[in-house]
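All remarks here apply to the structure that follows.
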Amino acid sequence: CIDSGTSNGAPATDIEGIPRPQGAGFDMGSYESIYVPVSVIVDNSDAGFISSPTEWPHSSYSQGYYGSDYQYASTSGTKSATWTFQIDTAGDYEISARWTSHRNRAYNARYSIRNNGSEWAVSMNQRQNGGQFNPLGTFALKAGPLEVELENVSSGYVIADAVGVAEK
């Protein structure tokens, strides 16, 4: 029910303190969706996603996931989840990630972004802002493969759900 409510009786902020409205109208319910333009999305159930060294467990317990579920990893062992994209045209792209939030999640989930020899590292707090695409940043990418990797080297469970890429 995004952008389908009215201001009549709606609080000024949602349950997480996000000011309302964020889009063209008020969202119905406890949460206000933050619009982040995404032109290509790879979900954890898509062919462009892999978790390793073995497949991470799936869950749909926490609300706010994209698609049918999400995958998770604890801090034990060395594990990674990778979303792969093909960039057709060089330019500036915003990369966003989605997760479900909970107090047992990592406050320092590490994402590595790789494209044609360039690499960037971004740390995100997965205890907050679940159920929406959260910008990892805007990056100058070259045509060719793009990988976004999430590692379980963190302070809690890491959630691998969906990653989106939008040309700026």
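The values are calculated or read from the model by the stated rules, or taken from the named source; none is laboratory data. Every value quoted in this text rests on a predicted model; they were computed, and no experiment measured them. We place every Cβ from the backbone using ideal geometry, glycine too, and count neighbours over all the protein chains shown. SASA here: full protein model, heavy atoms, side chains in, ligands and nucleic acids out. Shrake-Rupley method; radii C 1.70, N 1.55, O 1.52, S 1.80 Å.
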The answer for region 75-119, accessible area per residue at 1.4 Å probe in Å², is 47 Å²
Taking all protein chains in place and a 1.4 Å probe, what share, in percent, of the accessible surface of region 52-168 do carbon and sulfur account for? 45 percent
So if each residue of separation counts as 0.36 nm, and I subtract the Cα-Cα distance between T78 and S123, what length gain in nm does that give? 14.5 nm
Two-site FRET efficiency, T6 against S60, from Cβ-Cβ distance with R₀ of 35 Å, rounded to 0.05: 0.65
